[in-house]
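To start, the structure itself, in structure tokens.
Please treat every number below as a calculation from the coordinates, not as lab data. As the structure is a prediction and not an experimental result, all values here were calculated from the model. Don't worry about glycine lacking a Cβ; one is built from the backbone with ideal geometry, like all the others, and counts go over all protein chains shown.
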Amino acid sequence: YYNTALKVRTLIKEEFEEVFNTYDAIIGPTTPTLPRKLGERSTDVMEEYLNDLYTVTANIAGVPALSFPMGFSGGLPVSCQLIGNYFNESKLFDIAYGFEKEHDFTTRYPKEATK
């Protein structure tokens with residue numbers, strides 16, 4: 001199993017390298033589901049397991065990634081994930097900073113929270 005896992009990791013790394021020949025970053029969701037309210041838990045074990053699905057590939061490939069707030073859904077904050085090329089963390093910080101500067105989430109609250 002170990003050798004097979006190493007081969008799969010190599011394929012994932014090669015795919016990222018190919019994408020980063022053309023693009024500076026990949027943007028996507030951080031999780032496949034919307035956030036739950038504080039204290040709320042899912043009874044679906046598979047749903048809980050899959051919540052890490054989108055963040056695992058960056059870890060496997062060893063590329064930098066970060067998540068940052070991008071809005072609200074149902075009164076709860078949601079985030080997106082940026083994945084960048086090897087040793088290019090500064091590009092991710094620049095993209096996230098630009099977004100946060102334009103949308104200033106430090107002073108915004110969901111409409112449901114202000115009622």
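Applying a 10 Å radius around every beta-carbon, put 42-55, 23-36, 70-83 in order of their mean neighbour count, most first.
Top to bottom by mean Cβ count within 10 Å: 70-83, 23-36, 42-55.
To the nearest 500 deg cm²/dmol, what mean residue ellipticity at 222 nm is calculated for the chain from DSSP H runs of n ≥ 4 alone, each contributing -39,500 (n - 2.57), summed and divided by the residues?
-13500 deg cm²/dmol
Evaluate 2.2 N^0.38 Å with N set to the residue count of the chain, then give the Cα radius of gyration divided by it.
1.26
Calculate the spin-label point distance for Asn88 paired with Glu100, positioning each point 7 Å from the Cα along the beta-carbon direction, and give it in nanometres.
Calculated label separation equals 2.1 nm.
Work out which helices of the chain, taken as complete DSSP H runs, extend at least 24 Å along their axis over the Cα atoms and score a mean Kyte-Doolittle of 1.6 or more, then list them.
Span-like helices here: none at all.
Across the chain, how many lysine pairs, 8 or more apart or on two chains, come within less than 22 Å at their alpha-carbon atoms?
Within the chain, the lysine pair count is 5.
Expressed as a whole percent, how much of the Cα-Cα distance distribution for region 27-92 exceeds 21 Å?
Value for region 27-92: 31 percent of Cα pairs lie more than 21 Å apart.
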